[in-house]
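Following: one structure in structure tokens, then a few remarks.
The values are calculated or read from the model by the stated rules, or taken from the named source; none is laboratory data. Because the structure is predicted, anything quoted here is derived from the model rather than measured. Quick reminder, even Gly has a Cβ in these numbers, built from the backbone with ideal geometry, and neighbours come from all protein chains shown. Calculation scope for accessible area: heavy atoms of the full protein, side chains included, ligands and nucleic acids excluded. Shrake-Rupley method; radii C 1.70, N 1.55, O 1.52, S 1.80 Å.
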Amino acid sequence: MFSETPTDNFKVEFKDETATVHLPPRVAVLEAVAFKQTCHQIIARTPPPRQIVFDCKQTIFIDSSGVGALVHNVKAAKKQTISLVLRYVQPQVMGVLSLTGLDRALTIEFDIEEDQSDVAPPELEHISTENKENRNKENRSKDKAPLPTTHPSVRSSVKRGVDILGAIVGLGITAILFLPIAIAIKTDSPGPILFSQIRCGWMGKTFLMWKFRSMCEDAEKRKSEIHNQIEGPVFKLFKNEADPRITRVGRFIRRTSLDELPQFWNVLKGEMSLVGTRPVLPDELESYEVPEWQRLDVKPGITGEWQVNGRSNIRNFEDVIRLDLQYQKNWSLLYDVKIIIKTIKVLLQKNNGAY
């Protein structure tokens, strides 16, 4: 039988102990919210199904919100020991799954009917097996399909060109300042010169972000001891004006944003942009609701709306979301240039850097 979900875009079919959710052609923020609600309603049934199948036959577009909904659904199903299967995954969706690593966390079935038709007599079994292997290779090659244009900036060759040029200049400046900064860091406190941390970039793909170390060596272990001054949902953002983990040299390089110079390497690699949204920590992303995943529709940036609008004074998570979405709405190449100029002005002023 069929039943309607919170929106008309979703249909659910129940058969035996399996629920099949038919996904629409596009899964953007509105559809993603309904997708999560639909799945949670199915899981809350008494008794719950043993398996939930997501039929992706029609789906050719999924953005960061869709990925967020899928992540929520995977967690919810896992709690109830319900197996999740993605069926008839199209190349565009397969590319996203591969990019985010979800292809390794989910069971993916490509063409059930063809698999069933491949039953061969013993004397032809080796041919049938070879055919299956060839088709599996073709299916797995779907991760090479063009990724979705979640925002115009991610497909702008001019923006990418500016990023590469800016990264080269930035790395040149980093090379000049590296020795004095390195000596200051090593003299001030024990530990490495550079600090690396896993962050979530475009569509939630993780990458290793680099900075000059501005905190004590065991800063990550002591994070739970520090009071979070950010207002709003816990763990979605962390900041403390008097964080005792920050070293003396660390306060200076943070105030002048010198600690962020190594991020030009991330820009050169394409993991970040000169201008974008704030790079998200994985533990912050864990607590995001589906609409908040929209922040990941663009690449994170070294600078952005949040950085040039009093980043040290922003204490509300909702303000961070608002500024990031404001950047996406207003984006243009000229807008990026304006933010870069504004960033330079901010850096030349006193008391405008990070803590």
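When the listed pairs Lys186/Lys345; Lys57/Lys79; Lys75/Lys205; Lys36/Lys329; Lys11/Lys79 are checked against a 21 Å cut-off, the alpha-carbon distance exceeds it for Lys186/Lys345; Lys57/Lys79; Lys36/Lys329; Lys11/Lys79. In this rough spin-label picture, where each label sits 7 Å from Cα along the Cβ direction, the Phe178-Ser332 distance is 3.9 nm. When Phe252, Phe212 are compared by accessible surface with a 1.4 Å probe, the order from highest to lowest is Phe252, Phe212. Note on Val158 and Arg50: the model spin-label points, each 7 Å out from Cα along the C-beta direction, lie 5.8 nm apart. Take Thr187: with every protein chain present and a 1.4 Å probe, its accessible area is about 110 Å². Using the Karplus relation 6.51 cos²θ - 1.76 cosθ + 1.60 with θ = phi - 60°, the per-residue 3J(HN,Hα) values for the range 92-98 come to 5, 6, 4, x, 5, 4, 5 Hz, with x marking Gly and Pro. Summing +1 for each Lys or Arg and -1 for each Asp or Glu among the other residues whose beta-carbon sits under 14 angstrom from that of Thr149 gives +3.
Leu325 sits with roughly 60 Å² accessible to a 1.4 Å probe, with DNA, RNA and ligands left out of the calculation. Under a 5 Å amide H cut-off, with hydrogens placed 1.01 Å from N, Phe110 pairs with Tyr88 among residues at least 5 apart or on other chains. Accessible area per residue (1.4 Å probe, heavy atoms of protein chains only) ranks Arg160, Arg245 as Arg160, Arg245, with the largest value leading. Heavy-atom accessible area for Glu13, with the other protein chains in place and a 1.4 Å probe, reaches approximately 60 Å².
Between Ser189 and Thr256, the modelled labels are 1.8 nm apart [label points 7 Å from Cα along Cα→Cβ].
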